Amino acid sequence: MVAEHEAKELLRAAGVPVPRGVVVRDMDFAPVAELREPLVLKAYGPEIVHKSDAGAVVLGLSRADVPIEAARMLASGVAAEGFLVEEQAAGGVELIVGLVHDPGFGPVLLAGLGGVWTETLRDTALGLCPISEGDARRMLGSLRGSPVLYGLRGRPGVDVDAVVKLLMTVGGSGGLWERLELGEFEINPVIATESGVVAVDARYLPAGHASNGDQDDVLGEPAGLGAHSEPTDVGPRSEPADFGPLFEPRAVAVVGASTTRPNFGNMFLEFYKAAGIPLVAVHPEAREVGGVPAVPSLAAADVDYALVAVPAERCAQVVREASGVPYVQVMSGGFGEAGRPELERELVAAARAAGTRLLGPNCMGVYCPRGRQTFVGGGIGPAGTVALISQSGGLAGEVIKVGERRGLAFSRVVTVGNAADVTPAELLRWLSADAETRAVGLYLEDPRDGRALYEALAAAPVPVVLLVGGRSAQGQRAAASHTGGLVSDGRIWQALADQTGATLVTSQDDLIGVLAFFQAHGARMADPDSRSGESRGGALVIGPSGGASVLAADAFDRAGVSLGPLPDSALGELRGLGLGAGSSLANPLEVPVGPRSGPDLVQRAVEAIVRHRSYPDVVAHVNVQSFFTYGTRAEPLFEYARALAAAQDALPGTRVTLVTRNGECAPAGVEDEVRAIVAAAGIPVYRTMEAAAVAVAAGGRNGTA
Ligand code: ADP
Ligand code: MG
């Protein structure tokens, strides 16, 4: 560990104010004469880490006190190599500002309430370096204790601009994080007052000295999924790949299908046959497999894409013969994820030698209706604008099938498995520029190339929704500094989302739901009118039942969506529609919707309101059960859906969303019909208020980006 006064010297050189001080060795306290009282005495030495705990810091001293206190420290057993004596800064708000090198994401900045409260309050915010000034202000604003910074109950606030400047000096572009051999770096505390900041303690552990356990792991063995690991890289690639042929290959080869014992290879042959893409099998002896012509090796296959489903030990050999094939997908598992990183490295080396790009290993492949690419049975769905990058093939298959059932249409879906060569970040960069893709979903279990992912997300012009598996299992790491102990993977993912405008969701259902919102409302999100969501009304929620309305307000509040008040000027008109008789007129607005109420009442109420105040989002909800308890005619519900579609058609600057509560009470097929009616007008449908709230929040995030 670098001594405190040296760490402070680094700060001083970077322009961060630190207390005036002198270093004392051999008990020669003469230089202390230059300092202004009151003074602080601190012992330093290799065994002294947290000085307060070690009895190695004393405040409020006169010059005369200093040698006496120093002698007392030595006598009490403090292993001092020397002393730092410095001027005591005036009191203020004590903050912590730290940096850690995360093995997955690289340098991460932490800021929060510090000093003695650090561990107790755990009130901190994270940002991936480099942070922007906007990030710095958002991080400070996100602290629960932020009122102490901005002023509280007559107490003045601190010089927030100076704090922001400090965060930029440490974690901004060109900041300390770029210059330090970073293990951990921490200022705790920096004292912020009305007139500026002063860093009164600094701790610096260069890389390799940090007690961050994962730090050492990355050097040698690449771990499998779920663990942090560097990609099995074999040198940088200069040119960004053209993934066009990955998604739309001229022809496909399948390696590993059997003539005697049907296996995964055979299953894929069947999928591809059904998809109608030109196809060849690779088999050492057979002239055909399952009715598909066969060649003895990939070297003899004129294709853009080869799927390899042979045992892990034989994959590298197959890939070595793939020169001329731009993309090879290794479906087989049994590599890094199974504790065999050497096999994975051999595979990557084989791909590099053959000049081919490798997808996987341990992945299902690619789905692209436009390109007749598939890894799912049951036929190919419609071509659309939604892309998905998934580390899990199984999850991708579910999102395709369930998503298509819910009306999603995909442009490209790609599973990456261990991502030994082609990474999610690289794919995201390509999809961002893809003319067919308007929104991207990501399912990841580890950051893989976290820096590149951060950069790709920050640069993505399309809305992105991110589902991360295993966040709870990735706990906090043991660390020497508070900063290290307060940085966990779950928090970094959230910081990544906040900094890049991506939406982080917690379930597969929300991943699909947010993609459905992006698909339905993509064009309306791009509308510059919808960007200043806050200055407009937020979301307007409208539908039957007082209780449902109250719960809706809670659900949107949890999702961070504001429900602005109704415009006063609209209240008369609403009363004219017969609303507000037994209840108050408010947002959420209670409006009867059912088999006996007019189907277009919601439409008229919405129009009456938005004439006076525009809302970026209108969320209409119905209680499906009320339509079917005393009869089974679905027509009134369809009429309502048609009226809502008409409302959307009349409001191009507003995003209308429908919630069909209690949909399980509808006869089979009714919900599909409702969905189809409103989908024609570009309205997405959710079965719960909570799901709608998450999607609306995601839309607002991107609308305001
Ligand atoms: P530790 O190693 O225990 O973190 P610090 O150097 O942070 O030791 O000192 C402990 C506390 O003493 C700090 O949290 C701060 O409140 C106070 N302190 C230390 N140095 C100064 C200083 N120069 N001016 C004012 N307060 C100080
Ligand atoms: Mg300290």
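How many of the residues in the stretch 167-193 are within 16 Å of ligand 1 (Cβ to nearest atom) and either within 14 Å of residue 17 (Cα to Cα) or more than 27 Å from the chain's Cα centre (by Cα) (or both)?
First, the residues of the stretch 167-193 that are within 16 Å of ligand 1 (Cβ to nearest atom): 184-193.
Narrowing further to those that are either within 14 Å of residue 17 (Cα to Cα) or more than 27 Å from the chain's Cα centre (by Cα) (or both): 187-193.
The qualifying residues number 7.
Pairs needed: first member in the stretch 149-160, in contact (Cβ under 8 Å) with a residue 12 or more places away in the chain; second member anywhere, open to solvent by less than 70 Å² (accessible area, probe 1.4 Å) and assigned to a loop (DSSP other than H, G, I, E, B); C-beta distance under 9 Å; at least 6 residues apart or different chains.
From the stretch 149-160, the pairs are 149/143; 149/157; 149/158; 157/151; 158/92; 158/151.
Hey, among the residues in the stretch 271-292 that are open to solvent by 80 Å² or more (accessible area, probe 1.4 Å) and without any contact (Cβ under 8 Å) to a residue 40 or more places away in the chain, which one's farthest from residue 321 (Cα to Cα)?
Within the stretch 271-292, the subset open to solvent by 80 Å² or more (accessible area, probe 1.4 Å) is 273-274, 284-285, 287-288.
The next check asks that each one be without any contact (Cβ under 8 Å) to a residue 40 or more places away in the chain; those that pass are 273, 284-285, 287-288.
On the way: 273: 24, 284: 13, 285: 16, 287: 19, 288: 20 Å.
Per the criteria, the residue is 273.
When only residues in the stretch 17-31 that are under 50 Å from the mean Cα position of the chain (by Cα) and either open to solvent by 60 Å² or more (accessible area, probe 1.4 Å) or of a type in the set (S, T, N, Q) (or both) count, which is nearest to residue 187 (Cα to Cα)? Talk me through it step by step, then tell me what you get.
The initial filter retains those residues of the stretch 17-31 that are under 50 Å from the mean Cα position of the chain (by Cα), namely 17-25.
So of that shortlist, the ones also either open to solvent by 60 Å² or more (accessible area, probe 1.4 Å) or of a type in the set (S, T, N, Q) (or both) come out as 17, 20, 25.
Numbers: 17: 12, 20: 16, 25: 24 Å.
So, considering only residues that are under 50 Å from the mean Cα position of the chain (by Cα) and either open to solvent by 60 Å² or more (accessible area, probe 1.4 Å) or of a type in the set (S, T, N, Q) (or both), the one nearest to residue 187 (Cα to Cα) is 17.
Kindly establish whether residue 691 is modelled with pLDDT of 95 or more and surrounded by 18 or more Cβ atoms within 10 Å (Cβ to Cβ). Let's see the steps before the verdict.
Numbers: modelled with pLDDT of 95 or more: yes; surrounded by 18 or more Cβ atoms within 10 Å (Cβ to Cβ): yes.
So residue 691 fits the description; yes.
Quick one: residue 385 ticks every box in (1) touching a Ser or Thr at 6+ places or on another chain (Cβ under 9 Å); (2) open to solvent by less than 10 Å² (accessible area, probe 1.4 Å); (3) more than 26 Å from residue 336 (Cα to Cα) bar one, so which box is it?
All conditions pass for residue 385, except number (2).
Quick check on my filter: what residues within the stretch 245-257 are among the small types (Gly, Ala, Ser) and either outside any loop (DSSP other than H, G, I, E, B) or surrounded by fewer than 18 Cβ atoms within 10 Å (Cβ to Cβ) (or both)?
251, 253
If the requirement is being surrounded by fewer than 19 Cβ atoms within 10 Å (Cβ to Cβ) and either within 14 Å of ligand 1 (Cβ to nearest atom) or over 42 Å from the mean Cα position of the chain (by Cα) (or both), which of these qualifies: 4, 34, 9?
Going through 4, 34, 9 in turn, the sole match is 34.
Among the numbered conditions (1) closer than 23 Å to residue 16 by Cβ; (2) open to solvent by 70 Å² or more (accessible area, probe 1.4 Å); (3) in contact with a helix residue (DSSP H, G or I) (Cβ under 8 Å, 6 or more places away or on another chain); (4) not aromatic (Phe, Trp, Tyr), tell me where residue 90 comes up short.
So the condition that residue 90 fails would be (3).
Consider residue 64 against the criteria (1) modelled with pLDDT of 95 or more; (2) open to solvent by 10 Å² or more (accessible area, probe 1.4 Å); (3) in contact with a strand residue (DSSP E or B) (Cβ under 8 Å, 6 or more places away or on another chain): it satisfies all of them except one. Which criterion is unmet?
(3)
So in the stretch 648-688, with the set limited to residues that are over 18 Å from residue 519 (Cβ atoms) and assigned to a loop (DSSP other than H, G, I, E, B), which one is modelled with the lowest pLDDT?
Top of the filtered list is 653.
Out of the residues in the stretch 37-50 that are assigned to a loop (DSSP other than H, G, I, E, B) and either at pLDDT 95 or above or open to solvent by less than 70 Å² (accessible area, probe 1.4 Å) (or both), state the one that is nearest to ligand 2 (Cβ to nearest atom). Even if it seems obvious, please write down each step before you answer.
Looking only at the stretch 37-50, we keep the residues that are assigned to a loop (DSSP other than H, G, I, E, B), and these are 37-38, 45-50.
Filter again for either at pLDDT 95 or above or open to solvent by less than 70 Å² (accessible area, probe 1.4 Å) (or both), leaving 37-38, 45, 48-50.
Working: 37: 21, 38: 18, 45: 16, 48: 12, 49: 10, 50: 7 Å.
This residue is 50.
Name, by its number, the condition in (1) modelled with pLDDT under 65; (2) within 26 Å of residue 459 (Cβ to Cβ) that does not hold for residue 479.
(2)
Return the residues of the stretch 541-567 that are under 22 Å from residue 578 (Cβ atoms) and of a type in the set (Val, Ile, Thr); say none if nothing qualifies. Talk me through it step by step, then tell me what you get.
First pass over the stretch 541-567, keeping only residues under 22 Å from residue 578 (Cβ atoms): 541-550, 552, 565-567.
If the condition is that a residue be under 22 Å from residue 578 (Cβ atoms) and of a type in the set (Val, Ile, Thr), then 541, 542, 550 are the ones that fit.
Select from the stretch 587-600 the residues that are farther than 17 Å from residue 660 by Cα and at pLDDT below 95 and list them in ascending order.
From the stretch 587-600, those farther than 17 Å from residue 660 by Cα are 587, 596, 598; that's our starting set.
596, 598 - these are the residues of the stretch 587-600 that are farther than 17 Å from residue 660 by Cα and at pLDDT below 95.
Quick check on residue 660: is it among the polar types (S, T, N, Q) and open to solvent by less than 30 Å² (accessible area, probe 1.4 Å)?
On the way: among the polar types (S, T, N, Q): yes; open to solvent by less than 30 Å² (accessible area, probe 1.4 Å): yes.
Yes: the conditions hold for residue 660.
Give me a count of the residues in the stretch 103-123 that are crowded, with 24+ Cβ neighbours inside 10 Å and in a strand (DSSP E or B).
Selection size over the stretch 103-123: 5.
Identify all residues within the stretch 76-109 that are away from ligand 2 (no atom under 14 Å from the Cβ), within 21 Å of residue 190 (Cβ to Cβ) and within 25 Å of the chain's Cα centre (by Cα); write none if there are none.
99, 100, 101, 107, 108, 109
With respect to residue 53, is the statement that it is out of contact with any Lys or Arg (no Cβ under 8 Å at 6 or more places or on another chain), away from ligand 1 (no atom under 13 Å from the Cβ) and modelled with pLDDT under 95 true?
Working: out of contact with any Lys or Arg (no Cβ under 8 Å at 6 or more places or on another chain): yes; away from ligand 1 (no atom under 13 Å from the Cβ): no; modelled with pLDDT under 95: yes.
When the stated conditions are applied, residue 53 does not pass them.
Could you please find all residues in the stretch 141-200 being among the small types (Gly, Ala, Ser), part of a strand (DSSP E or B) and surrounded by fewer than 22 Cβ atoms within 10 Å (Cβ to Cβ)? Let's see the steps before the verdict.
Applying the first criterion (among the small types (Gly, Ala, Ser)) to the stretch 141-200 yields 141-142, 145-146, 151, 154, 157, 162, 171-175, 183, 192, 195-196, 199.
Next, only the ones that are part of a strand (DSSP E or B) stay: 172, 183, 192, 196, 199.
If the condition is that a residue be among the small types (Gly, Ala, Ser), part of a strand (DSSP E or B) and surrounded by fewer than 22 Cβ atoms within 10 Å (Cβ to Cβ), then 196 is the only one that fits.
So, residue 563, is that one within 24 Å of residue 681 (Cβ to Cβ), of a type in the set (A, V, I, L, M) and under 33 Å from the mean Cα position of the chain (by Cα) or not? Can you show your working first?
Numbers: within 24 Å of residue 681 (Cβ to Cβ): yes; of a type in the set (A, V, I, L, M): yes; under 33 Å from the mean Cα position of the chain (by Cα): yes.
Judged against the criteria, residue 563 is a match.
The values are calculated or read from the model by the stated rules, or taken from the named source; none is laboratory data. For clarity, every value in this text was computed on a predicted model and none was experimentally measured. Cβ atoms come from the backbone with ideal geometry, glycine included; neighbour counts cover every protein chain shown. Surface accessibility is based on the protein's heavy atoms, side chains included, excluding ligands, DNA and RNA. Shrake-Rupley method; radii C 1.70, N 1.55, O 1.52, S 1.80 Å.
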